[in-house]
Amino acid sequence: MHKTRLEAFSDGVVAILITIMVLELRLPAGADWVALRSLTPTFLAYVLSFVYLGIYWSNHHHLFHVVDRVTGGILWANLHLLFWLSLVPFVTNWMGENGHAPLPTAVYGVVLVCAAIAYQILVRVIIHAQGAHSRLREAVGRDFKGTISPVLYIAGIVSSLFWRHEIAWAFYAVVALIWLVPDRRIERVL
């Protein structure tokens with residue numbers, strides 16, 4: 001099976017998720033700076049989630065440059081990733097609307113860690129499908145970002161539940177910053 005349908009479907013899902021998130025932004029209750037400032041947690045949650053969806057979209061795009069054919073396992077692993085990403089608008093809105101509450105911030109982190117794990121599963125399934133001489137295996141090598149991200153997400157979840165939610169937001173933002181630096185491993189192999 002060719003990869004173009006999977007890529008187009010995944011691109012469409014991410015585009016819809018971003019659209020849903022922006023439609024969830026509500027207008028300020030007034031026309032002054034105080035009214036706008038009250039939306040700061042919601043807007044910051046939107047920005048963080050937009051960046052995350054952009055990172056996943058970009059890395060997914062690069063990932064499928066090294067895929068020659070798509071198997072059923074790859075389709076299901078990709079759907080698994082899209083499932084967790086599809087929850088991003090929900091947890092973004094919940095966390096943004098309850099910016100000082102620990103549970104929404106922790107659940108946001110749970111969705112992020114599950115999406116990270118799903119992405120790693122997708123990478124492993126692709127490597128397995130490509131066989132022993134996989135270009136992706138060569139490109140991935142030691143995946144520092146992929147290893148440290150779930151650890152930082154879990155630290156954020158724990159911080160939110162047992163310490164301060166602001167620390168959790170900081171952990172989530174650090175992971176996004178780590179991934180904003182483009183991952184050139186696949187480009188080097190190509």
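The values are calculated or read from the model by the stated rules, or taken from the named source; none is laboratory data. As the structure is a prediction and not an experimental result, all values here were calculated from the model. Backbone-built Cβ (ideal geometry, glycine too); neighbour counts: all protein chains shown. Ligands, DNA and RNA are stripped out before the accessible areas are found, and what is left, the full protein with its side chains, is counted by its heavy atoms. Shrake-Rupley method; radii C 1.70, N 1.55, O 1.52, S 1.80 Å.
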>> Report every pair of residues separated by at least 6 positions or lying on different chains whose Cβ atoms are under 9 Å apart, first residue within the range 32-55 and over 21 Å from VAL14 (Cβ atoms), second open to solvent by less than 40 Å² (accessible area, probe 1.4 Å) and modelled with pLDDT of 95 or more.
In response: none
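What residue, among those in the range 59-72 that are closer than 22 Å to VAL111 by Cβ and without any contact (Cβ under 8 Å) to a residue 60 or more places away in the chain, is surrounded by the most Cβ atoms within 10 Å (Cβ to Cβ)? Steps first, answer last, please.
Step one: filter the range 59-72 for residues closer than 22 Å to VAL111 by Cβ, giving 59-61, 63.
Now restrict to residues that are without any contact (Cβ under 8 Å) to a residue 60 or more places away in the chain: 60-61.
Details: HIS60: 20, HIS61: 14.
Restricting to residues being closer than 22 Å to VAL111 by Cβ and without any contact (Cβ under 8 Å) to a residue 60 or more places away in the chain, the top hit is HIS60.
Of all residues in the range 18-29, which are part of a loop (DSSP other than H, G, I, E, B) and touching a Leu at 6+ places or on another chain (Cβ under 8 Å)?
Of the residues in the range 18-29, the ones part of a loop (DSSP other than H, G, I, E, B) are 25-29.
Across the range 18-29, the qualifying residues are LEU25, ARG26, PRO28.
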>> I need a count of the residues in the range 33-70 that are among the small types (Gly, Ala, Ser) and in contact with a helix residue (DSSP H, G or I) (Cβ under 7 Å, 6 or more places away or on another chain).
In response: 2
> Looking at the range 158-175, is at least one residue hydroxyl-bearing (Ser, Thr, Tyr), under 23 Å from HIS61 (Cα atoms) and either open to solvent by 30 Å² or more (accessible area, probe 1.4 Å) or modelled with pLDDT under 90 (or both)?
Replying inline: no
> Yes or no: ALA115 assigned to a helix (DSSP H, G or I), under 17 Å from HIS62 (Cβ atoms) and under 12 Å from the mean Cα position of the chain (by Cα)?
Replying inline: yes
